[in-house]
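Right, one structure below, let's go through it.
The values are calculated or read from the model by the stated rules, or taken from the named source; none is laboratory data. Keep in mind that this is a model prediction, so the values were computed, not measured. Here Cβ is always computed from backbone atoms with ideal geometry, including for glycine, and neighbour counts include all displayed protein chains.
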Amino acid sequence: MLKELWQKIQARRRDNREESLRQTSEAIGAPKSTVHYHEQRRKKRIEASGTDQWETAWGQWYLKRMIISTIYTFGIKGGVGSARISEHFGHLQLEGIGAVSESSIQRLTKEIEANILWYKQLQEAGLQCEARQELKELKVVLGLDETWLDEMLLVCQELTSGYIFLKKQAKNETPPVGGST
């Protein structure tokens, strides 16, 4: 809800730079105080970072990508804690621009992990479906032989793929007696 409102305000202010806060407020159906608050926050972000690149669509995309990449690479794969990642974003002066508090990073970490597991489930479901289809059409052509080097060695080759299986008889391996194992 808040994100959508912020996007509406930013888009309206970007496209109508000369428009007053009251006109923007009436056009998007939000209180003038809300539009004023978001405008002041935008100005503070620009002052703090020294650039307005984060206010552009490209800047927002890049910022999201950088935050998610950092959390994935260092938090999930590297085992770095949320406090340390938040500290890193603080050194980059991103705390006024993005949600980089320790609790926000913990929430994003859980969301990324859930998406990774969801993606894994999708892939496994697809692979299982493919495997079922292939099993219906699976044909195996085997060639068996034995060879005697120092001792007997059984060789089995799947002739269509060329995959070779070798079996060396164990010293304590005995044939079944009386048909039972």
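So for segment 77-89 (the condition being outside any helix (DSSP H, G or I), without any contact (Cβ under 8 Å) to a residue 40 or more places away in the chain, farther than 25 Å from Glu39 by Cα and among the hydrophobic types (A, V, I, L, M, F, W, C)), does at least one residue qualify?
Looking through segment 77-89, at least one residue is outside any helix (DSSP H, G or I), without any contact (Cβ under 8 Å) to a residue 40 or more places away in the chain, farther than 25 Å from Glu39 by Cα and among the hydrophobic types (A, V, I, L, M, F, W, C).
As an exercise: evaluate Glu95 against (1) charged (D, E, K, R); (2) assigned to a helix (DSSP H, G or I); (3) assigned by TED's automatic domain parsing to the domain that holds Ile116 and give the number of the one condition it does not meet.
Tallying (1) charged (D, E, K, R); (2) assigned to a helix (DSSP H, G or I); (3) assigned by TED's automatic domain parsing to the domain that holds Ile116, Glu95 fails exactly one: (2).
Hey, any hits in segment 127-137 for a residue that's in a loop (DSSP other than H, G, I, E, B) and at pLDDT below 80?
Looking for residues that are in a loop (DSSP other than H, G, I, E, B) and at pLDDT below 80, one finds at least one in segment 127-137, hence yes.
Per-residue answers, yes or no, for (1) within 23 Å of the chain's Cα centre (by Cα); (2) modelled with pLDDT under 80; (3) surrounded by 11 or more Cβ atoms within 10 Å (Cβ to Cβ); (4) closer than 24 Å to Ala114 by Cβ:
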residue	(1), (2), (3), (4)
His38	no, no, yes, no
Ser49	no, yes, yes, no
Phe74	yes, no, yes, yes
Gly79	yes, no, no, yes
Phe89	yes, no, yes, yes
Leu94	yes, no, yes, yes
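Could you run through segment 153-181 and say how many residues are of a type in the set (A, V, I, L, M) and at pLDDT 75 or above?
The number of residues fulfilling the criteria is 5.
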